[in-house]
Structure formats: C-alpha cells, structure tokens
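A short worksheet on the structure shown next.
The numbers here are math on the coordinates, done by the rules we state, and not lab data. All figures in this text were calculated on a predicted structure; none of them were measured in a lab. Because the Cβ atoms are built from the backbone with ideal geometry, glycine has one as well, and the counts that use them run over all protein chains shown.
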Amino acid sequence: MARQGKRNLGVLVAIGSGAVVIATVAGAKEFGEWSAPVSAEALNGSSTDLNTAFNDGCPILSPYDDALYIASNRPGGQGGLDLWRAERSGDGWGAPVNLGPAVNTGADEFCPSPARGNRLYFVRRLSPTDTDIYVVKTGPNGLGTPRSAGTGVNSSAEEWSPSWFEADGNDVLYFSSTREGRQRIYYSINFGSAQLASGGVNSSAADARPNVRHDGLEIVWDSTRTGSLGATDIWTSRRDSTDDPWEPAMHLPGPINSEAVESRASLSWDGTTMVFGSARAGGEGSADVYRATRPKVTGRD
C-alpha cells in the first residue's frame, strides 16, 4: 500500500505478518531549549521530603493533574522499591505518599506510568533476572487489582519503563527489554507482539527506559552509547509521523546530563516539562528527582 501524505491520517495493518503499523500525523510542535535542571525539592511549594537520602527516581507526571509519581526505597514502603505519588503544590510537589499494598509488594515496583483511561502501568520484579509490566485501574475508590500487560509485551527477561500513547484509537506501548541480551527499545500495538523500534533509538549499546510524548512524535530515553558524559545519559529523537522510523538520536548536553547517572526521563503531556532521575553531585541520596522546562514556540495540541 502506498504511503499517504504527511497531512493525512491513516492506519496500515499487515495481517499476514502479524505486524501492525499505525500511520498518524499530529500538528507540528516546536519548542525552545531546555532550561538548566533543578532539584524537584528546590521548587517553590515542594516538600522537603520529596528527595531523600535514599534512591528516588523513575519520575513521571500524571496527564490529569500533574501529580508526580516516583519509585523509591525510602522508609515507609512495603519493601524494596515502591511506587509513590506526590500531589502538585505550587511550582513543585508535596510529600510523596506510598501507593500501598494494592500495587507494592516486598519486591521491587518501579517505572510508574499513569495513562489516560485511569490506568497506571508499572514494573514488578519477579526474580533477579525477570521483571514484567503490569497495569492497574485507578479511581475514586482506590486501585484495582494489577494484571500483567500480557505475553506480547512481557517475556522471561526484563521489561522496563512502559510508556503509553494512543494513535488512531490504538493503544501503543513503548518499553525496553533485555530479551536480546541488553536493554533495547520495543513497542506493542494493542498489547500484541513486541516489535523492535526502528531508527535512532536503538544502538550497539544499552538503550533503556523510553518515554514517548503523547502525540507519539518525540521520545526520550537513557543510553550508554558513545557520546554519553556518564554511565547513562538522556537522549532524544523525533519523527514526523508515527509510522516513520525515529530520527538519529540527539544527546542532551550539560547541564541536563552530567558525569553521573541520568535515567528514566519523561515528558509532560504538553511537552514543556521533563523530569528525570540523577545521581549528580549536590543531591541528597543515591538518586534524586530533577526537573527541566522549555517554552512552546509554535504548534497546537
């Protein structure tokens, strides 16, 4: 089938191969440069308990109210890394609250990813070498029962950092996995079989913890590829349409990245805010949550 022009919307489904390719085009967005990152705790209105002497990371904002979700092994949890939620407060966030035993266990839960449809995706450790992606419904009566994202997404290896967006009515889930030996970036359409993401997002190094902007046209992730300043750095890529391969990866320069570990960056719904974890000097613990912003120059939602 011939590909449609950039201004058209469409879906191409390859039934015989089992592969599903979605072609959607959103209105172009252009943004200014990222600001220097600041500790999320230093923002006006933030709680002094936002970052701690423990491991605080995997940050992401709710698409509904900009509440901050993180993973942390701070005291007061169920054990290991737990999922926590902090309400918006001024320019920052209040004290994180543990999500409780509905999702947290004595094992590690991390990479929380709130999504439209009152869903929360997250990762649970099943064994030292096996982590799976789960999804749970959220609502006024609390959290439902978590369920596996399914065998199309999960494997006997490690799956990390689910990132959901919608394209022409289809659920698209990006994530990384060690199913081929090192972390690489994959996606699944409607929870079908995982497909390796094409273009600049995958390299001969480890590429992990992707987060895709809600229109599917911009991605951030962390990588150990050549050009990184530290052990892992944040990289980004864009594309014109969701059926296009990702453009060549672009390294986000300092001070976004540092000589320390930067990981699990995520973009706000409108693309103007990025939060990420960093072990850079000046923090409170083994990893802290940082925030950077950028202005929207042109474009539409």
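Quick notes on this structure:
- In order through the range 92-101: 3J(HN,Hα) via Karplus (6.51 cos²θ - 1.76 cosθ + 1.60), integer Hz, x for Gly, Pro: x, 9, x, 5, x, 10, 5, 6, x, x
- Within the chain, longest stretch free of exposed trypsin sites (Lys or Arg not before Pro) [DSSP loop, at most 13 other beta carbons within 10 Å]: 117-299
- Compared with the direct C-alpha span, the chain from residue 247 to residue 259 gains 1.8 nm at full extension, assuming 0.36 nm per residue.
- Footprinting exposure proxy for 207, 168 (fewest neighbouring C-beta atoms within 10 Å first): 168, 207
- Hydrodynamic radius (Kirkwood) for the chain, which is based on Cα pairs only, to one decimal in Å: 19.3 Å
- Calculated FRET value between residue 105 and residue 226, using beta carbons and R₀ = 45 Å, to 0.05: 0.75
- Label zone at residue 193 (point 7 Å along Cα-to-Cβ), backbone N below 17 Å, the range 143-157: 150-156
- DSSP beta bridge pairing in the chain, given as percent antiparallel to the nearest 5: 95 percent
- Likely footprinting exposure, 274, 250, fewest C-beta neighbours within 10 Å first: 250, 274
- Proxy reagent accessibility, fewest Cβ within 10 Å first, across 134, 187, 290, 64: 64, 134, 187, 290
- Across all C-alpha atoms in the range 121-179, the radius of gyration and Dmax reach 12.4, 37 Å.
- Karplus (6.51, -1.76, 1.60) ³J(HN,Hα), θ = phi - 60°, over the range 224-238, in Hz, Gly and Pro reported as x: 9, 4, 4, x, 6, 7, x, 4, 9, 10, 8, 10, 9, 8, 9
- Summing Cβ point charges (Lys, Arg +1; Asp, Glu -1) relative to the Cα centre of the range 28-299 gives a dipole of roughly 300 debye.
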